[in-house]
1. Quick one: in the stretch 200-225, which of the residues that are β-branched (V, I, T) and at pLDDT 95 or above is surrounded by the most Cβ atoms within 10 Å (Cβ to Cβ)?
2. Only one of L21, L62, L81 is farther than 22 Å from T193 by Cβ and not acidic (D, E); which?
3. Could you check, for the stretch 283-292, whether at least one of its residues is more than 24 Å from M184 (Cβ to Cβ), surrounded by fewer than 16 Cβ atoms within 10 Å (Cβ to Cβ) and modelled with pLDDT under 95?
4. Search the stretch 159-182 for residues being under 23 Å from the mean Cα position of the chain (by Cα) and in contact (Cβ under 8 Å) with a residue 40 or more places away in the chain, and hand back the single one that is surrounded by the most Cβ atoms within 10 Å (Cβ to Cβ).
5. Among the residues of the stretch 138-158, which ones are over 23 Å from the mean Cα position of the chain (by Cα) and at pLDDT 95 or above?
6. Which one of I187, I197 is touching a residue at least 60 places away in the same chain (Cβ under 8 Å), closer than 19 Å to P281 by Cβ and surrounded by 14 or more Cβ atoms within 10 Å (Cβ to Cβ)?
7. So G175 ticks every box in (1) outside any loop (DSSP other than H, G, I, E, B); (2) on the phi < 0 side of the Ramachandran plot; (3) not charged (D, E, K, R) but one. Which box is left unticked?
Amino acid sequence: MYNIAITGVGGGVGQSVLKSLADTDYNLIALDGELLGAGLYTTNKSFLIPYAKDPNYVNKMLAICEQEKIALLFPGLDAELMPLSLNREAFQAIGTTIVVSRPEVILISDDKQQTYDQLIQAGVSVPFTTLADGFIPNTESFPLILKQKVGGARSKNVYVIKNSSEWKSTVDKIGDSISDFIVMEYIEGDEYTCGTINLDNTCKGVIVMRRILRDGDTNKCFTEINEVIEKEVRLVVDTIKPFGACNVQLRLKNGKPYVFEINARCSGTTAARTLSGFNEPKMIADYLLKGIEPSYKIKEQTILRYWKELVVENDLIAEMKKAAHINDNKNTNKL
């Protein structure tokens, strides 16, 4: 049996990967930096790990992967992508393949201006994007979006600005940090989140999901078969050449898709895609570990998200706090 580790299991991405691999023949090991990360208490074995910014992060991850004979590692947090990508060879040397793209791909995905520059050259339809510092809008510029140039998640520090008065007040609020922001053309239309599988520099599959957000997260999603969107998404991943899963976000206006964000990893809707017949983590694992070519059959359906309670015994939390790992959790609960 192959051992697969998943990080960031206290959040939506890591938990989505856990859910997608839960009923497979893989042995799952959960990793998170928070003592109360819910996913830590859903697997037989789990570890409390340092945050990605900790100087000991990579060495600790290497030690766990070597000790537990981890065959495959799925990162669940953006902050972990670059340090893991930069150390892929060290993990490969101990027998662990990290499902992470090259550093160049992560930079393109994380930097909104680089995303625009790269995709526009490839002929992808992208909302006009430029640096906010020094930008002077005119009447035709509105509405527009002001957002962080690098990073950002769940719509944090994203401003939809409708007129010059709102522009002035928002810029005054941001102050000297305006150099960390970009201006993006506002595209009116339905929003989509699209999953892709990329192996051997080839896109092996795409799933298209229209979505409704709440507080920056997908709250409701609708699987669609849409050849126009799929073609545009394939052009994106064929341009940047990610490895493993890659999430492409876009809006559809007058039948034309406009790509505004890329996440070079699994996403928070990974589990919803699995329920629709497109299990990214399993297809990636099956290909890399067993040589099974990805295959899928997408079902058009509606998926609604809801809260679910997870009961964890206090003794188990105390054990994790003391030892930073749980070796044999016989009371595992499913997320």
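1. Taking the stretch 200-225 as the starting set, the residues that turn out to be β-branched (V, I, T) are 202, 206-208, 212, 218, 223, 225.
Filter again for at pLDDT 95 or above, leaving 202, 206-208, 212, 223, 225.
Values: T202: 10, V206: 23, I207: 25, V208: 27, I212: 13, T223: 21, I225: 11.
Among those residues, the one meeting the criterion is V208.
2. Details: L21 fails: farther than 22 Å from T193 by Cβ; L81 fails: farther than 22 Å from T193 by Cβ.
Among L21, L62, L81, only L62 is farther than 22 Å from T193 by Cβ and not acidic (D, E).
3. Taking the stretch 283-292 as the starting set, the residues that turn out to be more than 24 Å from M184 (Cβ to Cβ) are 283-292.
Those still in the list that are surrounded by fewer than 16 Cβ atoms within 10 Å (Cβ to Cβ) too: 289-292.
Narrowing further to those that are modelled with pLDDT under 95: none.
So far as the stretch 283-292 goes, no, none of its residues is more than 24 Å from M184 (Cβ to Cβ), surrounded by fewer than 16 Cβ atoms within 10 Å (Cβ to Cβ) and modelled with pLDDT under 95.
4. F181
5. The first filter runs over the stretch 138-158 and keeps only residues over 23 Å from the mean Cα position of the chain (by Cα), leaving 138-144.
If the condition is that a residue be over 23 Å from the mean Cα position of the chain (by Cα) and at pLDDT 95 or above, then F142, P143, L144 are the ones that fit.
6. On the way: I187 fails: closer than 19 Å to P281 by Cβ.
None of the other options fit; the residue is I197.
7. Of the numbered conditions (1) outside any loop (DSSP other than H, G, I, E, B); (2) on the phi < 0 side of the Ramachandran plot; (3) not charged (D, E, K, R), the odd one out for G175 is (2).
Condition check ((1) touching a Leu at 6+ places or on another chain (Cβ under 7 Å); (2) in contact (Cβ under 8 Å) with a residue 24 or more places away in the chain; (3) surrounded by fewer than 20 Cβ atoms within 10 Å (Cβ to Cβ); (4) hydrophobic (A, V, I, L, M, F, W, C)) across all residues:
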{"site": "T24", "(1), (2), (3), (4)": "no, yes, yes, no"}
{"site": "L28", "(1), (2), (3), (4)": "yes, yes, no, yes"}
{"site": "G39", "(1), (2), (3), (4)": "yes, yes, no, no"}
{"site": "N56", "(1), (2), (3), (4)": "no, no, yes, no"}
{"site": "K60", "(1), (2), (3), (4)": "no, no, yes, no"}
{"site": "P83", "(1), (2), (3), (4)": "no, yes, yes, no"}
{"site": "I94", "(1), (2), (3), (4)": "yes, yes, yes, yes"}
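The values are calculated or read from the model by the stated rules, or taken from the named source; none is laboratory data. Only a predicted model underlies this, so the values are computations on that prediction, with no experimental measurement involved. FYI the Cβ positions are ideal-geometry reconstructions off the backbone, even for glycines, and counts take in every protein chain you see.
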